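Single-structure report; data block below.
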Amino acid sequence: MNLEEYFQRIGFHGPSDKMDLATLRSIHKLHVMSIPFENLSVHCGEWITMDLETIFNKVVRSSRGGWCLENNFLFGWVLREMGFNATMLGGRVFNTITNDFPPGENHLINMVEIDGKAYIADISFGVSSQIWEPLELVSGKDQPQAAGVFRLTKNEDTWILEKTGRTPKVLNPEFAKSSLVNRKQTYQIFCFTLQPREPEHFAEKNRALQTDSASLFTNKSICSLQTPTGFKALIGWTYSEVTYKPEEGVDLLDMRNITEDEVDQILKEQFNVKTQNKIKPANKKVSYTI
């Protein structure tokens, strides 16, 4: 494990000895543009571990992506190796079925402190809820980014992240009523506290997310990568290219179904991902939108 390999993986060529906001923003954005948010291991017989060296070998050396317990864990290590003051935090992803945040923390993020200010770094949520740059930890402040306007709100000891986006414009009529399309303009993404966490805190959740029959990640195979104009996503057999059009107040969604034979090709060409084992795509009916 070394930083130079990671920098090469994300294409970072700037000075790595500056612990300033500009550097943090740069590596944050490069990560989401280079390393996919994906759970493909669950669907090709691989066990996801929270061993940092294993994650490094997978994500950096084997040109794979990962979910938050891998990507954000790795990113926290990178930040601390660079000299940043970074703290691991736990979050709870909003459940649209129960309309609430579930018990138990199922999301890992990092808080970074620079010059007396705190920022939330999260490089592994994926699709249209993915922030490209860290968010300043300030309650009630609108923080516009490419995907829309993000907002952190403090409620007693809990912080809530929400987003106001744009109207989706689905180009393929076959997907006009697709359940993958998010039609809520303002919605909550996750909540968190500032209680520091250690990797062991997520061990049981890491196991459950890849074994529980009710888990989103056992029901859907997901691969998502941010692009300079939006993002790409492969959910099961549905491939989408989303283009943000803020000047028109819309997001253009170009969606199509692919065949089983095309899955490996799409993963390689669009996400630069090649799984070691054959993937078995999944897209069962659980609540998930891009």
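Under 20 Å from a label point 7 Å along Cα→Cβ of residue 96: give me every residue in region 269-290 with its amide N that close. It comes to 282-290, nothing else. Within the chain, all pairs of alpha-carbon atoms sorted by distance into 5 Å bins from zero give the percentages 1, 5, 12, 17, 20, 19, 14, 8, 3, 0, 0.
Among 38, 204, 133, the largest mean-square fluctuation in a Gaussian network model of the chain (Cα springs under 10 Å) belongs to 204. Pull out a ≥ b ≥ c, the square roots of the eigenvalues of the alpha-carbon gyration tensor of region 4-112, then state rounded if a/c is under 1.5, prolate if not and a/b is larger than b/c, and oblate in the remaining case. In terms of gyration-tensor shape, oblate. Computed from label points 7 Å out along Cα-Cβ, the spacing between residue 3 and residue 193 is 3.3 nm. Taking θ as phi - 60° and the Karplus parameters 6.51, -1.76 and 1.60, the scalar couplings of region 102-114 work out to x, x, x, 7, 10, 9, 10, 9, 10, 9, 10, 9, 9 Hz in sequence order, x denoting glycine and proline.
Taking each of 117/141; 177/268; 29/280; 18/232; 154/245 in turn, the alpha-carbon distance tops 25 angstrom for 177/268; 29/280; 18/232; 154/245. Per residue, region 58-130 exposes 32 Å² of accessible surface when a 1.4 Å probe is rolled over the protein heavy atoms with every protein chain present. Take 15-24, 267-276, 86-95, 237-246 and order them by the average number of nearby Cβ atoms within 10 Å per residue, most first; the result is 86-95, 237-246, 267-276, 15-24. Taking the 1.4 Å solvent-accessible surface of region 3-271 as the whole, the part contributed by carbon and sulfur is 48%. Spatially, region 217-235 and region 89-126 are offset by 19 Å when compared through their Cα centroids.
Taken about its Cα centre, region 195-290 carries a charge dipole of roughly 340 debye when the Cβ of each Lys and Arg holds +1 and the Cβ of each Asp and Glu holds -1.
Sorting 58, 117, 220 on solvent-accessible area from highest to lowest, probe radius 1.4 Å, gives 117, 58, 220.
The values are calculated or read from the model by the stated rules, or taken from the named source; none is laboratory data. Note that the coordinates shown come from a computational prediction; the quantities given were computed from them, not determined experimentally. Please note: Cβ atoms are built from the backbone with ideal geometry, for glycine as well, and neighbour counts cover all protein chains shown. For accessibility, only protein heavy atoms count, side chains too; no ligands or nucleic acids. Shrake-Rupley method; radii C 1.70, N 1.55, O 1.52, S 1.80 Å.
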